[in-house]
Amino acid sequence: MEERQRVQPIDEEELARDREDQIYIELAGSSPCASCKLLRRRCAKDCIFAPYFPPDDPHKFAIVHKVFGASNVSKMLQELPIHQRADAVSSLVYEANARMRDPVYGCVGAISYLQNQVSQLQMQLAVAQAEILCIQMQQGPHELPTTHHQSLVDCDMKSLLLSGNNNSSDFGDQMMPQFMSYTSSSNNVIQDPLKRESLWT
Amino acid sequence: MYRFHKLDKTTSTRCAVCKYFRRRCPQDCIFAPYFPNDNPHKFTCVHRFYGASNIAKMLEEIPVQLRAHLVESLYYEATCRIQDPVYGCVGIISSLHRQIQIAQSQLAKTQAEISVLDANFVVTNEPSSSLDESLVQQNGVDHGLDDPFNPWFY
């Protein structure tokens with residue numbers, strides 16, 4: 001009973017915002033998108049942000065706006081065909097989140113970490129395949145015929161070596177070595193960005 | 001007659017950012033150490049996606065010794081976004097995840113093969129039966145008895 005009777009202090013700013021929202025609703029016929037709400041402007045029917053920044057997730061636009069800026073995001077979206085904009089927004093949200101977690105290196109820190117993981121796994125694979133060869137040599141020629149198996153191992157080694165050179169664009173290969181020894185200061189798990197159950201939407 | 005143009009001392013020492021905005025480059029310009037005027041492309045790339053004011057805010061928020069790394073990472077991300085306007089460097093991250101999955105499954109497969117080979121090695125190194133020995137002695141020739149577990153034996 002006492003809690004119900006407690007009088008809440010009037011927040012003038014919140015009241016003003018609510019009034020503005022009401023105006024938006026009356027003019028637009030629907031709730032303004034998260035971007036127009038944050039930017040305090042009328043949400044037009046053809047608002048470029050509206051399909052991708054719904055009002056129930058204000059944090060999504062806030063983080064993208066903080067890192068890239070609304071006008072830059074708008075320009076980026078305008079340059080893309082409509083069917084690619086949702087994915088572009090998701091990738092921008094991912095990059096913005098990465099930049100918030102790691103203000104110095106952002107996504108580049110994640111790339112460096114993952115490249116290190118790939119290198120380590122490839123080394124482990126090479127060691128394991130060398131071990132197979134050793135075992136085969138120890139077991140002698142009367143064991144499994146090595147011709148067929150040897151060609152399989154050679155193929156694996158070839159694909160292993162080739163795959164190590166194809167992990168990023170040419171520009172990435174030029175830029176990345178200077179970040180190779182970096183270990184991110186953040187301890188967050190780096191998830192596959194294109195798995196919907198992780199960081200997207 | 002030669003025309004002497006008034007030398008603008010600030011023109012030659014302006015950083016790429018101040019040159020872009022056609023303004024005077026102050027001595028304490030926050031951009032100057034990281035955007036030299038001999039590489040205008042760097043700033044135009046970064047400015048296209050982040051904007052000068054956002055870059056300035058980011059630079060102000062981190063220690064001086066890390067600002068060069070920040071600028072390089074922003075430049076890298078901006079260049080990735082130019083090459084891939086939809087996914088940017090997130091496409092590279094996704095590709096690396098796939099490579100890790102492939103490498104992990106190959107490693108697991110190879111380690112399983114090692115286990116099988118090790119098991120075969122242990123079996124074939126067990127001492128041979130007395131019957132085999134007698135056959136060898138009878139013929140006087142060691143035929144190098146084949147591994148009965150070798151599939152091509154049959």
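The values are calculated or read from the model by the stated rules, or taken from the named source; none is laboratory data. Quick caveat: nothing in here was measured; it's all calculated off a predicted structure. As a convention, Cβ positions derive from the backbone with ideal geometry for all residues, glycine included, and neighbour counts pool all protein chains shown. Heavy atoms of the whole protein, side chains included, go into the accessibility calculation; ligands, DNA and RNA do not. Shrake-Rupley method; radii C 1.70, N 1.55, O 1.52, S 1.80 Å.
Excluding B:GLY51 itself, calculate the net charge of residues whose Cβ lies under 13 Å from the Cβ of B:GLY51, where each Lys or Arg counts +1 and each Asp or Glu counts -1. Provide the component values of the computation, followed by the final result.
Details: positive: A:LYS66, A:LYS75, B:ARG48, B:LYS57; negative: none.
Every neighbour counted, the sum reads +4.
Counting only other chains, and only Cβ atoms inside 10 Å, what mean value do you get across the residues of B:106-116?
Working: counts 10, 8, 2, 3, 10, 5, 1, 8, 6, 0, 3.
The shielding value for this peptide is 5.
Could you pull out the pairs from A:LYS60/B:LYS42; A:LYS66/B:LYS19; A:LYS37/A:LYS75; A:LYS37/B:LYS42; A:LYS37/A:LYS60 whose alpha carbons sit more than 23 Å apart here?
Values: A:LYS60/B:LYS42 28 Å; A:LYS66/B:LYS19 25 Å; A:LYS37/A:LYS75 19 Å; A:LYS37/B:LYS42 34 Å; A:LYS37/A:LYS60 12 Å.
Result: A:LYS60/B:LYS42; A:LYS66/B:LYS19; A:LYS37/B:LYS42 exceed 23 Å.
Ignoring ligands, DNA and RNA, how do B:TYR20, B:TYR75, B:TYR50 rank by accessible area with a 1.4 Å probe, largest first? Present the calculation step by step, with values, prior to reporting the outcome.
Numbers: B:TYR20 110, B:TYR75 30, B:TYR50 5 Å².
Putting B:TYR20, B:TYR75, B:TYR50 in descending order of accessible area: B:TYR20, B:TYR75, B:TYR50.
Using a Förster distance of 45 Å, how high is the FRET efficiency between B:ILE62 and B:GLN101, based on the Cβ-Cβ distance and rounded to 0.05? Please report the intermediate quantities before stating the final value.
Details: r = 34 Å, r/R0 = 0.75.
So, using R0 = 45 Å, E works out to roughly 0.85.
Determine the shielding of peptide A:58-67 by partner chains: average, over its residues, the number of Cβ atoms on other chains within 10 angstrom of each Cβ.
Details: counts 0, 0, 0, 0, 0, 0, 0, 1, 3, 7.
Going residue by residue through A:58-67 and averaging, the value is 1.
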